[in-house]
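Encoded as structure tokens, the structure appears first; notes follow it.
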Amino acid sequence: MANIERTLVLIKPDAIEKRISGLILDRLDRLGLQLTGAKVVSPTEELIRTHYKHLAGTPFVDGVVDYMMGKYNNVPNHKIYAFVFQGEDAIAKVRGEIGSTNPEKAAPWTIRGSFGRIIGDVMQNCVHASGAPDEAEQEIALWFKPEEVLDF
Ligand code: IDP
Ligand code: MG
């Protein structure tokens, strides 16, 4: 049986500043998944802290929040681009294409390995993708209203 999954992808402020949003979407499009949701979001700090609640208490959480709020990148309105992809093994396929969290350790042909940077103590790694099915569903519900995502 096909393992049909949904996953949340966020294009982060460093990628928007670098003008590689189209390149990232092109790479993800070639995975053969279906794009079922897309929007531009100017997130509140509360949204970012909820999205990254698993980082609470780490020494780098405030830096990550500042990064996602656009404080390190020249992006008007601190915007983020949010997408939902759906398809067979969507979570592993997208995670494989974006690469490991640490851009200096990510394989060089992945998106994070190609375009990510560590600046100060923040990993500016261009893109977020859900890591597991329950995480994906929680994240999609956080960033999208149900009617904003196509249902196949
Ligand atoms: P993921 O984005 O690969 O799923 P998570 O562990 O969920 O990785 O961390 C969320 C984000 O927090 C990362 O994408 C990265 O931007 C940042 N981050 C994670 N670990 C570190 C760290 O050790 N130092 C600095 N930033 C980190
Ligand atoms: Mg994660």
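The values are calculated or read from the model by the stated rules, or taken from the named source; none is laboratory data. Predicted, not measured: the structure shown is a model, and the values here were computed from it. So basically every Cβ, Gly included, is an ideal-geometry build from the backbone, and we count neighbours across all protein chains shown. The area values use the complete protein model at the heavy-atom level, side chains included, leaving out ligands, DNA and RNA. Shrake-Rupley method; radii C 1.70, N 1.55, O 1.52, S 1.80 Å.
At-a-glance table
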| quantity | calculated |
| --- | --- |
| Surface share of carbon and sulfur [accessible, 1.4 angstrom probe, percent] for the chain | 53 |
| Largest-first principal axis extents of the Cα set of the chain (Å) | 45, 33, 29 |
| Residue among Leu150, Gly113, Ser100 farthest towards the positive dipole end of the range 74-152, charges placed on Cβ | Gly113 |
| Heavy-atom accessible area per residue - the chain, 1.4 Å, Å² | 53 |
| Within the chain, helix-based [θ] at 222 nm, where runs of 4 or more DSSP H residues each add -39,500 (n - 2.57), nearest 500 | -9500 deg cm²/dmol |
| Solvent exposure, largest accessible area first (probe 1.4 Å, DNA, RNA and ligands not counted), of Trp143, Trp109 | Trp109, Trp143 |
| Compactness relative to 2.2 N^0.38 Å, alpha carbon Rg of the range 47-126 | 1.16 |
| Area accessible to solvent at Lys145, 1.4 Å probe radius, in Å² | 110 |
